[in-house]
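Heads up, the thing below is written out as structure tokens.
Each value in this text was obtained by applying a stated rule to the coordinates, not by laboratory testing. The structure displayed is predicted, hence computed values, not measured ones. Note that each Cβ is placed from the backbone with ideal geometry, even for glycine, and that neighbours are counted across all protein chains shown.
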Amino acid sequence: MNAKVIRAILICLACLACASCGPHMNQQISIKPYSRKMPTMSPGTVPTTGRLDTWTLSQTKLTKSPIEKNSAVISDGRVYYGYYCLMCHGEIGDGNGPVGQSFIPKPTDLRAQAIKKLSDGELYRRMLQGNGHDPVMTQTVPPEHRWPIVLYMRGL
């Protein structure tokens, strides 16, 4: 190969290497559309959208899971936990998932005593609308997967 071609290739590689040394994504200036709280609705107002949010609010008033805890439900909950929770909260629920490492604050340790003291309904509500979830999890986790996840998390 020609020395000029080799030199040009080396310069291009050096430029690419320098361009990839920028800041991490979580340190860049960005718009955070879900970080602001929406204003509360006036009394007597009826929502016309948000079926999942409306259903969620009625379910959080429960203190105990409406489905019976059995091995099939726990098995399903383990699978659903793997779909929706594992990447942030980790395989054993310690908050050390591969994606969660870049979050500030870090994901909650689901094995903590404070979490174990929560009622099923409060755990359900926090799973969907807790810090860092609002409103994404209410749109992501189907209603039929939610209570099995709560019951599975009780065993972590």
*asked:* Please compute the Kirkwood hydrodynamic radius over region 67-153, one decimal place, Å, based on all pairs of different Cα atoms.
replied: 13.0
*May I ask you to order 67-73, 80-86 by the average number of other C-beta atoms within 10 Å around their residues, highest value first?*
80-86, 67-73
